[in-house]
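The values are calculated or read from the model by the stated rules, or taken from the named source; none is laboratory data. Keep in mind that what you see is a predicted model, and the values were worked out from it rather than measured. Neighbour counts run over all protein chains shown; Cβ positions are idealised from the backbone, glycine included. For the accessible areas, the whole protein counts, side chains as well, though only heavy atoms, and no ligand, DNA or RNA atoms are used. Shrake-Rupley method; radii C 1.70, N 1.55, O 1.52, S 1.80 Å.
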Amino acid sequence: MRNLKSYHYFWIVSSIILIIGIVNLSNGDSTMDINIHDTYYVIEHFLLAEILFLGYLFLGLGYWLVEKILKKQLIPILTKIHTSILIGSFLIYWIVIFCIKISFNENDIFNNSYEIINITLMIMFLAIIFIAQPVYVINILVALFRKK
(Lines give C-alpha, C1' and ligand atoms only; values in the text may rest on other atoms or scores of the structure.)
Protein backbone atom coordinates (compact mmCIF):
# COMPACT_ATOMS: atom_id res chain seq x y z
CA MET A 1 0.00 0.00 0.00
CA ARG A 2 3.02 2.29 0.45
CA ASN A 3 3.74 2.36 -3.28
CA LEU A 4 0.23 3.45 -4.21
CA LYS A 5 -0.10 7.11 -5.12
CA SER A 6 -3.26 9.17 -4.72
CA TYR A 7 -4.22 8.71 -8.36
CA HIS A 8 -4.09 4.93 -7.89
CA TYR A 9 -6.71 5.21 -5.15
CA PHE A 10 -8.98 7.28 -7.39
CA TRP A 11 -8.63 4.81 -10.24
CA ILE A 12 -9.34 1.85 -7.96
CA VAL A 13 -12.48 3.50 -6.60
CA SER A 14 -13.62 4.49 -10.09
CA SER A 15 -13.27 0.88 -11.22
CA ILE A 16 -15.24 -0.35 -8.20
CA ILE A 17 -17.99 2.19 -8.93
CA LEU A 18 -18.24 1.02 -12.53
CA ILE A 19 -18.40 -2.63 -11.45
CA ILE A 20 -21.16 -1.84 -8.94
CA GLY A 21 -23.07 0.02 -11.67
CA ILE A 22 -22.77 -2.88 -14.10
CA VAL A 23 -23.83 -5.42 -11.46
CA ASN A 24 -26.93 -3.35 -10.64
CA LEU A 25 -28.03 -3.19 -14.30
CA SER A 26 -30.09 -6.34 -13.83
CA ASN A 27 -32.04 -4.75 -10.96
CA GLY A 28 -35.41 -3.62 -12.31
CA ASP A 29 -35.88 -0.86 -9.76
CA SER A 30 -32.53 0.84 -10.13
CA THR A 31 -33.46 4.50 -10.14
CA MET A 32 -32.90 7.42 -7.82
CA ASP A 33 -35.67 9.96 -7.27
CA ILE A 34 -34.69 13.53 -6.47
CA ASN A 35 -37.44 15.87 -5.36
CA ILE A 36 -36.78 19.59 -5.81
CA HIS A 37 -39.84 21.58 -4.79
CA ASP A 38 -42.66 20.11 -6.90
CA THR A 39 -40.48 18.44 -9.51
CA TYR A 40 -39.21 14.87 -9.37
CA TYR A 41 -36.09 13.89 -11.26
CA VAL A 42 -35.64 10.19 -11.89
CA ILE A 43 -32.08 9.10 -12.63
CA GLU A 44 -30.89 5.58 -13.35
CA HIS A 45 -28.30 4.16 -11.00
CA PHE A 46 -26.07 3.20 -13.92
CA LEU A 47 -26.02 6.81 -15.13
CA LEU A 48 -24.97 7.90 -11.63
CA ALA A 49 -22.33 5.18 -11.64
CA GLU A 50 -21.02 6.43 -14.99
CA ILE A 51 -20.86 10.02 -13.74
CA LEU A 52 -19.07 9.02 -10.54
CA PHE A 53 -16.75 6.72 -12.51
CA LEU A 54 -15.74 9.55 -14.81
CA GLY A 55 -15.40 11.99 -11.90
CA TYR A 56 -13.04 9.78 -9.91
CA LEU A 57 -11.18 8.81 -13.09
CA PHE A 58 -10.55 12.45 -14.06
CA LEU A 59 -9.51 13.42 -10.52
CA GLY A 60 -6.93 10.64 -10.59
CA LEU A 61 -5.91 11.72 -14.07
CA GLY A 62 -5.33 15.27 -12.81
CA TYR A 63 -3.02 14.03 -10.07
CA TRP A 64 -1.25 11.72 -12.51
CA LEU A 65 -0.70 14.48 -15.07
CA VAL A 66 0.78 16.85 -12.51
CA GLU A 67 3.02 14.24 -10.86
CA LYS A 68 4.16 12.10 -13.78
CA ILE A 69 3.89 14.19 -16.93
CA LEU A 70 4.59 17.69 -15.64
CA LYS A 71 6.95 16.43 -12.88
CA LYS A 72 5.54 18.89 -10.35
CA GLN A 73 5.35 18.34 -6.60
CA LEU A 74 1.89 18.46 -5.01
CA ILE A 75 1.37 19.64 -1.44
CA PRO A 76 1.13 16.36 0.52
CA ILE A 77 -1.31 17.56 3.20
CA LEU A 78 -3.74 18.96 0.61
CA THR A 79 -3.53 15.73 -1.37
CA LYS A 80 -4.26 13.72 1.78
CA ILE A 81 -7.22 15.94 2.71
CA HIS A 82 -8.74 15.68 -0.75
CA THR A 83 -8.14 11.96 -1.08
CA SER A 84 -9.41 11.13 2.38
CA ILE A 85 -12.63 13.12 1.89
CA LEU A 86 -13.45 11.59 -1.49
CA ILE A 87 -12.35 8.03 -0.82
CA GLY A 88 -13.70 8.26 2.74
CA SER A 89 -17.09 9.44 1.54
CA PHE A 90 -17.28 6.45 -0.79
CA LEU A 91 -16.45 4.09 2.08
CA ILE A 92 -18.78 5.80 4.56
CA TYR A 93 -21.68 5.56 2.11
CA TRP A 94 -21.27 1.81 1.75
CA ILE A 95 -20.80 1.35 5.50
CA VAL A 96 -24.06 3.23 6.12
CA ILE A 97 -25.86 1.13 3.50
CA PHE A 98 -24.50 -2.07 5.06
CA CYS A 99 -25.50 -1.02 8.60
CA ILE A 100 -29.00 -0.05 7.45
CA LYS A 101 -29.50 -3.38 5.69
CA ILE A 102 -28.49 -5.18 8.88
CA SER A 103 -30.43 -3.07 11.39
CA PHE A 104 -33.72 -2.28 9.63
CA ASN A 105 -36.35 -4.82 8.70
CA GLU A 106 -37.68 -4.31 5.17
CA ASN A 107 -41.28 -4.72 6.36
CA ASP A 108 -40.88 -2.16 9.15
CA ILE A 109 -43.54 0.56 8.83
CA PHE A 110 -41.40 3.16 10.59
CA ASN A 111 -38.37 2.60 8.42
CA ASN A 112 -36.22 5.75 8.44
CA SER A 113 -33.44 4.28 6.34
CA TYR A 114 -34.04 6.59 3.39
CA GLU A 115 -33.76 9.61 5.64
CA ILE A 116 -30.47 8.36 7.08
CA ILE A 117 -29.10 7.68 3.60
CA ASN A 118 -30.22 11.11 2.35
CA ILE A 119 -28.64 12.90 5.31
CA THR A 120 -25.41 10.96 4.80
CA LEU A 121 -25.37 11.77 1.09
CA MET A 122 -26.05 15.47 1.73
CA ILE A 123 -23.25 15.76 4.31
CA MET A 124 -20.81 14.01 1.97
CA PHE A 125 -21.91 16.14 -0.98
CA LEU A 126 -21.37 19.35 0.97
CA ALA A 127 -17.96 18.19 2.22
CA ILE A 128 -16.90 17.29 -1.31
CA ILE A 129 -18.16 20.50 -2.91
CA PHE A 130 -17.07 23.01 -0.27
CA ILE A 131 -13.91 21.39 1.14
CA ALA A 132 -12.44 18.67 -1.08
CA GLN A 133 -12.83 20.21 -4.51
CA PRO A 134 -11.45 23.66 -3.56
CA VAL A 135 -8.51 21.87 -1.90
CA TYR A 136 -7.97 19.90 -5.13
CA VAL A 137 -8.00 23.03 -7.29
CA ILE A 138 -5.67 24.89 -4.92
CA ASN A 139 -3.30 21.93 -4.79
CA ILE A 140 -3.12 21.58 -8.57
CA LEU A 141 -2.72 25.33 -9.16
CA VAL A 142 -0.01 25.71 -6.52
CA ALA A 143 1.85 22.74 -7.97
CA LEU A 144 1.64 24.16 -11.48
CA PHE A 145 2.81 27.66 -10.63
CA ARG A 146 5.37 26.82 -7.95
CA LYS A 147 9.00 27.01 -8.98
CA LYS A 148 11.27 24.12 -8.12
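Here are a few things to note about the model shown:
- Amide H contacts under 5 Å for Thr31, placed H, 5+ residues apart: His45
- In the chain, the longest principal axis of the Cα atoms and the axis of helix 45-64 are about 10 degrees apart.
- Of His37, His45, His82, the residue with the greatest mean-square motion in the GNM of the chain, using alpha carbon springs below 10 Å, is His37.
- Label-point separation, Leu48 to Thr31 (7 Å along Cα→Cβ), nm: 1.3 nm
- Solvent-accessible area per residue for the chain (1.4 angstrom probe, square angstrom): 72 Å²
- Summarising the label geometry, the points placed 7 Å from Cα in the beta-carbon direction at Leu144 and Asn3 lie 3.1 nm from one another.
- With θ taken as phi - 60° and the Karplus curve 6.51 cos²θ - 1.76 cosθ + 1.60 applied, the whole-hertz 3J(HN,Hα) list for the range 93-98 is 4, 6, 5, 4, 4, 5 Hz, x standing for glycine and proline.
- Of Ser89, Ser15, Ser103, the residue with the largest accessible area leads and the full order is Ser103, Ser15, Ser89 (1.4 Å probe).
- Loop sites in the range 18-99: trypsin sites (Lys or Arg not before Pro), DSSP, at most 10 other Cβ within 10 Å: Lys71
- Neighbour-limited loop hits for chymotrypsin sites (Phe, Trp or Tyr not before Pro), the range 15-122 (at most 15 other Cβ within 10 Å; DSSP other than H, G, I, E, B): Phe104, Phe110
- Against the main long axis of the alpha-carbon atoms of the chain, helix 133-145 sits at an angle near 10°.
- Model label zone, Ile20; criterion: amide N under 16 Å from point 7 Å along Cα-to-beta-carbon; scope the range 40-54: 44-54
- Sulfur and carbon atoms: percent of accessible area, the chain [1.4 Å]: 69 percent
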